[in-house]
Amino acid sequence: MKFGIIVFPGSNCDRDVAYVTREILQQPTRMVWHQDSDLSDIDVVVIPGGFSYGDYLRCGAIARFSSAMKATIDHANRGGKVLGICNGFQILTEAGLLPGALVRNRDLHFICDRVPIKVEQTHLPWTQKYRQGQVITLPIAHGEGCYYADAQTLSELEANRQILFRYSSPEGVIDDINNPNGSLNNIAGICNQAGNILGLMPHPERASDPVLGDLDGVILFQGLLEATVAAIA
């Protein structure tokens with residue numbers, strides 16, 4: 001399975017993801033410059049965290065028009081896997097590949113922390129190696145991570161089991177106290193209806209190396225890899 005990691009001016013987590021896919025998972029990985037429009041050799045497109053184009057206008061607003069994102073939209077429409085992390089999640093909503101928007105954190109502060117995340121769904125490759133209801137710990141680092149959508153969209157996300165991750169207490173309690181940025185319904189990560197596109201604000205790539213003492217994030221990548229290999233076999 002080959003990963004393609006899009007690199008924008010201002011990306012700062014692209015190499016972190018590449019370390020996980022290339023070194024830890026031992027999978028072919030190509031860094032895709034934002035002006036590149038050829039993704040024909042890529043199985044999974046990763047849009048990493050950072051500050052694409054300096055977050056001018058608003059997070060992800062300029063990145064959505066890049067050649068690489070136009071190719072990513074085509075890739076996604078063909079059923080290809082797409083993973084957006086932090087700024088990548090913001091870009092996916094701006095591009096219309098995922099519903100809703102990421103807006104300023106509730107307290108208007110940049111948050112950098114490790115927080116409990118509850119796994120809500122395990123029926124997709126992204127989460128198949130977790131247990132339903134499992135609480136994991138992942139790092140967050142964002143100023144615009146508050147997920148917002150209208151009531152109908154939220155209802156559809158709930159009904160279609162598209163909410164894969166929520167902010168919670170270490171015991172799995174979902175409430176405002178354990179919501180670091182004010183996201184509606186404590187949403188930390190969602191997928192599209194087809195399940196091939198995932199966007200999440202927490203950083204699984206920063207919880208994937210034994211040296212860091214947290215391997216909750218690498219499980220996401222391992223599940224995706226196992227599902228892809230099984231589908232090919």
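The values are calculated or read from the model by the stated rules, or taken from the named source; none is laboratory data. Here the structure is a predicted model, which means the values were calculated and not measured. Every residue, glycine as well, gets a Cβ built from its backbone with ideal geometry; the counts of neighbours run over all protein chains shown.
For segment 1-27, give me the residue count where each residue is assigned to a loop (DSSP other than H, G, I, E, B), farther than 23 Å from Asn77 by Cα and touching a residue at least 24 places away in the same chain (Cβ under 8 Å).
Restricting attention to segment 1-27, the residues satisfying the condition of being assigned to a loop (DSSP other than H, G, I, E, B) are 1-2, 8-10, 12-13, 25-27.
Those still in the list that are farther than 23 Å from Asn77 by Cα too: 9-10, 12-13, 25-27.
From the residues that got through so far, the ones that are touching a residue at least 24 places away in the same chain (Cβ under 8 Å) too are 9-10, 12-13, 25, 27.
Selection size over segment 1-27: 6.
Do you know which of the residues in segment 187-213 that are among the small types (Gly, Ala, Ser) and surrounded by 24 or more Cβ atoms within 10 Å (Cβ to Cβ) is farthest from Thr122 (Cα to Cα)?
So the first thing to find is which residues in segment 187-213 are among the small types (Gly, Ala, Ser), and the list is 188-189, 194-195, 199, 207-208, 213.
Add one more test, that the residue is surrounded by 24 or more Cβ atoms within 10 Å (Cβ to Cβ), and what stays is 188-189, 199, 208.
Working: Ala188: 15, Gly189: 13, Gly199: 15, Ser208: 19 Å.
Checking each candidate, the answer is Ser208.
Could you count how many residues in segment 40-65 are polar (S, T, N, Q) and farther than 19 Å from Arg15 by Cβ?
Going residue by residue through segment 40-65, those that are polar (S, T, N, Q) are 40, 52.
Those left that are additionally farther than 19 Å from Arg15 by Cβ: 40.
Counting residues in segment 40-65 that are polar (S, T, N, Q) and farther than 19 Å from Arg15 by Cβ gives 1.
What are the residues in segment 74-106 that are crowded, with 17+ Cβ neighbours inside 10 Å and either among the polar types (S, T, N, Q) or assigned to a helix (DSSP H, G or I) (or both), if any?
Within segment 74-106, His75, Ala76, Asn87, Gly88, Phe89, Gln90, Ile91, Leu92, Thr93, Glu94, Asn105 qualify.
Inspect all residues belonging to segment 141-162 and state whether any of them is within 23 Å of Gly80 (Cα to Cα), surrounded by fewer than 16 Cβ atoms within 10 Å (Cβ to Cβ) and either within 16 Å of the chain's Cα centre (by Cα) or small (Gly, Ala, Ser) (or both). Show your work before the answer.
Let us first name the residues in segment 141-162 that are within 23 Å of Gly80 (Cα to Cα), namely 156-157, 160-162.
Now drop any that are not surrounded by fewer than 16 Cβ atoms within 10 Å (Cβ to Cβ), which leaves 156, 160-161.
Narrowing further to those that are either within 16 Å of the chain's Cα centre (by Cα) or small (Gly, Ala, Ser) (or both): none.
Taking every residue of segment 141-162 in turn, none turns out to be within 23 Å of Gly80 (Cα to Cα), surrounded by fewer than 16 Cβ atoms within 10 Å (Cβ to Cβ) and either within 16 Å of the chain's Cα centre (by Cα) or small (Gly, Ala, Ser) (or both).
Condition (residue is surrounded by fewer than 19 Cβ atoms within 10 Å (Cβ to Cβ) and of a type in the set (Asp, Glu)) applied to segment 116-132: is it met by at least one residue?
Within segment 116-132, not a single residue is surrounded by fewer than 19 Cβ atoms within 10 Å (Cβ to Cβ) and of a type in the set (Asp, Glu).
State all residues of segment 46-59 that are modelled with pLDDT under 95, in a loop (DSSP other than H, G, I, E, B) and not aromatic (Phe, Trp, Tyr); if no residue qualifies, say none.
Leu57, Arg58, Cys59, listed by residue number.
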